[in-house]
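Step one of this worksheet: look at the structure below.
The values are calculated or read from the model by the stated rules, or taken from the named source; none is laboratory data. Since we're looking at a predicted model, the values are computed, not measured. Cβ: placed from backbone, ideal geometry, glycine included. Neighbour counts: every protein chain shown. These accessible areas exclude ligands, DNA and RNA; they are computed on the full protein's heavy atoms, side chains included. Shrake-Rupley method; radii C 1.70, N 1.55, O 1.52, S 1.80 Å.
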Amino acid sequence: MNNLLSILKEYYGEDAEFREGQEEAVNNILLGKRSLVVQKTGWGKSLVYFLATKIIRMQTKKMTLIISPLLALMNNQVESAKRFGMHVQTLNSENKEEWTLIMEEIKNNEVDALIISPERLANDEFKDMLSKYLLGNIGLFVVDEAHCISDWGHDFRPDYRRIVDIVKFLPPNIPIIATTATASKT
């Protein structure tokens, strides 16, 4: 049994198996590739990047930064990551009273993954933290629901354009994965 499957079984049970394409997607991340994963809802896109996060943390101690458009989705992702025993935080409008604690955890490298909305990229305090504590400690960059960039990001959510600012500062060997279930041809 390969290492990825054994890790999957450790957290999801002995009967766990990869769906078609999941293991390949995880391997691409671990090889430092930049990928787009287009799969239907429920296929396990978050499993792909959380399993990769688990392995990257074990190997390098670096964290994952996830851009996600919706608070409900962020909360679901935090719950999903718990299956892998990971400490995932989110900075959003519902938890402002926790931001100072979360920032300290990030500074102390205690967070496995951080989930933010694209609007957080426009916040000066976050940009300062990003440059001081995060950019050198990112082992994986994820854009979840990537269709938002082309479908409605430029007009309705202009902060999606700021994603490229992070990408420009990441070393080329840092994997980037964009995931969606509803990609269009544009």
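Summary table
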item: For V143, distant residues with modelled amide H under 5 Å away; result: I67, I177, A178, T179
item: Neighbourhood net charge (12 Å Cβ-Cβ; Lys/Arg +1, Asp/Glu -1) for G139; result: +3
item: T90 long-range amide H proximity, modeled H, under 5 Å; result: I115
item: Candidate values [x] 0.94; [y] 1.06; [z] 1.02, label of the one derived for Rg/Rh (Cα atoms, Kirkwood Rh); result: [x]
item: The chain: most fluctuating residue of N76, N109, N95 per GNM, C-alpha cutoff 10 Å; result: N95
item: About the Cα centre, charge dipole magnitude for the chain (Lys/Arg +1, Asp/Glu -1 at Cβ), debye; result: 560 debye
item: Interchain or long-range residues, amide H under 5 Å from R34's placed H; result: I176
item: With every protein chain in place, the chain: carbon and sulfur % of accessible area (1.4 Å); result: 50 percent
item: Per residue accessible area in Å² of the chain, where ligands, DNA and RNA are left out and the probe is 1.4 Å; result: 51 Å²
item: For the stretch 81-143: rounded, prolate or oblate by the Cα gyration tensor [a/c cutoff 1.5]; result: rounded
item: Charge sum, other residues only, whose C-beta stays under 14 Å from L51's C-beta, Lys/Arg counted +1 and Asp/Glu -1; result: +2
item: Contour excess over end-to-end distance, with Cα ends at E97 and R83 and 0.36 nm allotted per residue; result: 2.5 nm
item: Cleavage-rule hits (GluC sites (Glu not before Pro)) in the stretch 1-55: DSSP loop, at most 12 neighbouring Cβ within 10 angstrom; result: E14, E17, E20
